[in-house]
1. Restricting attention to segment 370-386, which residues are of a type in the set (Val, Ile, Thr) and open to solvent by less than 70 Å² (accessible area, probe 1.4 Å)?
2. Quick one: which residue in 224, 154, 188 is part of a helix (DSSP H, G or I), surrounded by 17 or more Cβ atoms within 10 Å (Cβ to Cβ) and modelled with pLDDT under 95?
3. Which of the strands (runs of 3 or more DSSP E) found entirely inside segment 11-125 contain at least 2 residues meeting this: open to solvent by less than 60 Å² (accessible area, probe 1.4 Å) and either of a type in the set (D, E, K, R) or within 30 Å of residue 215 (Cβ to Cβ) (or both)?
4. Counting just the residues of segment 191-221 that are assigned to a helix (DSSP H, G or I) and open to solvent by less than 30 Å² (accessible area, probe 1.4 Å), which one comes out farthest from residue 246 (Cα to Cα)?
5. Anything in segment 126-150 that is without any contact (Cβ under 8 Å) to a residue 60 or more places away in the chain, closer than 19 Å to residue 169 by Cα and either in contact with a Ser or Thr (Cβ under 6 Å, 6 or more places away or on another chain) or open to solvent by 40 Å² or more (accessible area, probe 1.4 Å) (or both)? List them, or say none.
6. List the number of the failed condition for residue 145; all other conditions in (1) within 30 Å of the chain's Cα centre (by Cα); (2) under 18 Å from residue 191 (Cα atoms); (3) not in a strand (DSSP E or B) hold.
Amino acid sequence: MATFPEKKVYTVTEITRSIKLLLETSFHEVWVMGEISQMSDQRSGSGHMYFSIRDEHALLKCAMFRQANRKLLFEPKVGAKVEARGRITVYEEGGQYQLVCDELSPLGVGILQLRLEELKKKLAKEGLFDEARKRPLPPFPERIGIVTSSSGAAIRDIERILGERWPGIEMILAPVRVQGEGAADEIARAIDNFNRFGEVDVLIVGRGGGPPEDLWAFNEEVVARSIFSSHIPVISAVGHEIDFTIADFVADMRAPTPSAAAKMAVKDKLEVLEHISDLESRLKKDLLSLISNLKIRLERLRKSYGLMRPVDILEQRARRVDELSHSLRLMAGHFLDEKKKRTESLVHRLTALSPREVLRRGYCVVRGYPAREIVKRVKAITSGQKLELEFLDGLANCSVLQTSQSQEER
């Protein structure tokens, strides 16, 4: 008699967890590339980020939790092609498999390049690249500070060109590592030490060419901030003409090569001497021309009417002075007559308003006695009150016998 195997019935949770275990074991760490097609950015709340990536035929749900997306060096957007590193797992509540991302970068862009672009944005925002703060190089430096490797080709090129262009110029080398672990700190420390020393006029900071990884010390923030803080003008000379580093953007001058930096730092002595000789010749020529022009002007003055007939000119000027003096006297006399008439008119008007003129016409001033306040109305005095009367020629005291008001004042 045939027997049937006992059937195994799973719960939803059991089957989901089995699938989850299988996927997580098989795809513990994978790289997946695709295009972001959906984006639900919740970083302002939980800090987590949920999105999907897809290719022509399939779509994969993704999650990137707060600890991981804090390290992002770019802003993910729908339509961006990306590479994602993470593990495949199952979101049990939704019954969906997904990629939990630990790293996300634009497709084809290395992590070093992302760091570089992020640092450039940060430093540019702080003003470290502003052209307005960059200083010109001194025209005739006496001492050059050099920050580079003591064994590289860069220092030999710099020394050779400086010696050729301005023999006898003093060079001080601060030997540093220019690549590898700790190189950036050594470069920054050398720049700071030169500034504390304070006895150099220009700094050349750089190295010879190489792959981007070898030049990376000059992309570090510590080097950029040391160059920015330097009181001494800095020439950045890193790699070849096609190489650009953060140091190039911060420095006062960027040289395409160390050799070019040496040419920027000092002038060619032979060219300077030739220029001085040319200036000397031009000065002599200009002085001779000036002397010749002055001689011509002097000869014209010597033959001029003023120098040949000075007495006639003086007589003409004296006659003009007499004419002006006569006109001035006439104008002054007219002015004074007008003012005299105006003054006499004002005196006449003031005299007519004088209190003594009123007294001369037969009036008198009545004052109370003994307070001598002026009395203007009858109602202000009483019978028997003593008064003082002022006439044109003197005073009189009297007593009031009787008062009587006019009809208009009643």
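1. Of the residues in segment 370-386, the ones of a type in the set (Val, Ile, Thr) are 374-375, 378, 381-382.
Once the filter is applied, which keeps residues that are of a type in the set (Val, Ile, Thr) and open to solvent by less than 70 Å² (accessible area, probe 1.4 Å), segment 370-386 yields 375, 378, 381.
2. Numbers: 224 fails: modelled with pLDDT under 95; 188 fails: modelled with pLDDT under 95.
Residue meeting the stated conditions: 154.
3. Numbers: elements: 30-41, 49-54, 59-64, 81-91, 96-106.
Of the strands (runs of 3 or more DSSP E) lying wholly inside segment 11-125, those with at least 2 residues that are open to solvent by less than 60 Å² (accessible area, probe 1.4 Å) and either of a type in the set (D, E, K, R) or within 30 Å of residue 215 (Cβ to Cβ) (or both) span 81-91, 96-106.
4. Of the residues in segment 191-221, the ones assigned to a helix (DSSP H, G or I) are 191-197, 216-219, 221.
Remaining after also requiring open to solvent by less than 30 Å² (accessible area, probe 1.4 Å): 191, 194, 217-219.
On the way: 191: 15, 194: 20, 217: 10, 218: 6, 219: 5 Å.
This residue is 194.
5. To start, the set of residues in segment 126-150 that are without any contact (Cβ under 8 Å) to a residue 60 or more places away in the chain comprises 126-127, 130-133, 142-143, 146-147, 149-150.
Narrowing the set further to residues that are closer than 19 Å to residue 169 by Cα leaves 142-143, 146-147, 150.
Within segment 126-150, 142, 143, 150 meet the criteria.
6. Unmet for residue 145, out of (1) within 30 Å of the chain's Cα centre (by Cα); (2) under 18 Å from residue 191 (Cα atoms); (3) not in a strand (DSSP E or B): (3).
The values are calculated or read from the model by the stated rules, or taken from the named source; none is laboratory data. Since the structure is predicted, the reported quantities are computational estimates derived from the model, not experimental observations. Neighbour counts are summed over all protein chains in view; Cβ atoms, including those assigned to glycine, are modelled from backbone coordinates with ideal geometry. Ligands, DNA and RNA are excluded from the accessible area calculation, which covers all protein heavy atoms including side chains. Shrake-Rupley method; radii C 1.70, N 1.55, O 1.52, S 1.80 Å.
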